[in-house]
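Below is one structure, written out as structure tokens, with a few remarks after it.
The values are calculated or read from the model by the stated rules, or taken from the named source; none is laboratory data. On a predicted model such as this, the values are computed, not experimentally measured, just so you know. Cβ: placed from backbone, ideal geometry, glycine included. Neighbour counts: every protein chain shown. Protein only, heavy atoms only, side chains kept; ligands, DNA and RNA dropped before computing areas. Shrake-Rupley method; radii C 1.70, N 1.55, O 1.52, S 1.80 Å.
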Amino acid sequence: MITLRTARPGDLDAVLAFWQVAAENDNRPADSATAPENLLARDPEALVLALDDDTVVGSVIAGFDGWRYHLYRLSVAPGHRRQGIATALLEHAENRFRALGATRSDAMVLDENVTAQSAWWARGYRVQEDWSRWIKPL
Ligand SMILES: CC(C)(COP(=O)(O)OP(=O)(O)OC[C@H]1O[C@@H](n2cnc3c(N)ncnc32)[C@H](O)[C@@H]1OP(=O)(O)O)[C@@H](O)C(=O)NCCC(=O)NCCS
């Protein structure tokens with residue numbers, strides 16, 4: 001049975017291994033072990049997991065920085081896709097955001113990630129054509 005819950009510090013090694021096989025890893029910095037630790041220390045409710053018994057099969061980061069409501073690392077294990085797990089994770093994340101006062105949530109999606117675009121579209125997300133992401137390495 002699939003259950004959802006927020007991640008605990010003891011989950012993080014499994015989450016990092018899960019992201020290696022399940023997440024979108026192109027065109028982004030590699031995950032570091034400290035990044036999810038820092039996330040949980042700052043916001044213990046932000047990392048939401050889907051579990052099949054005790055195995056991590058899905059994740060989303062529902063990040064609120066005090067201003068905007070961002071979704072990151074939406075991913076589902078290859079053997080568990082098309083079963084509604086991403087839908088359930090996004091519903092959980094959006095409910096969290098609403099409880100925090102959000103009127104809008106957003107996600108970054110690679111232009112070539114057609115599968116992900118289908119999932120975001122199905123959940124009601126649309127491309128904002130008149131904005132681009134600007135970055136600077138620090
Ligand atoms: C994108 C991803 C998270 C979707 O997870 P999922 O649990 O399979 O998604 P769901 O089962 O909740 O699908 C919801 C809807 O999204 C759409 N969708 C999902 N996968 C799709 C696919 N491969 N092709 C077409 N539509 C798809 C469908 O409309 C689907 O509804 P349906 O199954 O009733 O037709 C998963 O494919 C994944 O982990 N991909 C690799 C990581 C990734 O790219 N993450 C997104 C980064 S922005």
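Only residues that are free of Cβ contacts under 8 Å to residues at least 60 places away in the same chain and either within 16 Å of the ligand (Cβ to nearest atom) or touching a strand residue (DSSP E or B) at 6+ places or on another chain (Cβ under 8 Å) (or both) were counted across the stretch 85-100, and they come to 10.
Only one entry in 115, 103 is more than 8 Å from the ligand (Cβ to nearest atom) and either open to solvent by 20 Å² or more (accessible area, probe 1.4 Å) or part of a loop (DSSP other than H, G, I, E, B) (or both), namely 103.
Among residues belonging to the stretch 9-39 that are assigned to a loop (DSSP other than H, G, I, E, B) and under 17 Å from residue 89 (Cβ atoms), point out the one that is least open to solvent (accessible area, probe 1.4 Å).
Of the stretch 9-39, the ones assigned to a loop (DSSP other than H, G, I, E, B) are 23-33.
If we keep only those that are under 17 Å from residue 89 (Cβ atoms) too, we end up with 23-24.
Values: 23: 20, 24: 61 Å².
Top of the filtered list is 23.
Taken together, 123, 82, 73, 42 contain a single residue that is near the ligand (Cβ under 8 Å from one of its atoms), under 23 Å from residue 5 (Cβ atoms), open to solvent by 100 Å² or more (accessible area, probe 1.4 Å) and not polar (S, T, N, Q), which is 82.
Among the numbered conditions (1) under 22 Å from residue 28 (Cα atoms); (2) within 13 Å of the ligand (Cβ to nearest atom); (3) aliphatic (A, V, I, L, M), the only one that residue 62 does not meet is (2).
Here residue 90 fulfils each of the conditions (1) modelled with pLDDT under 95; (2) out of contact with any Phe, Trp or Tyr (no Cβ under 6 Å at 6 or more places or on another chain); (3) of a type outside the set (Gly, Ala, Ser) apart from (1).
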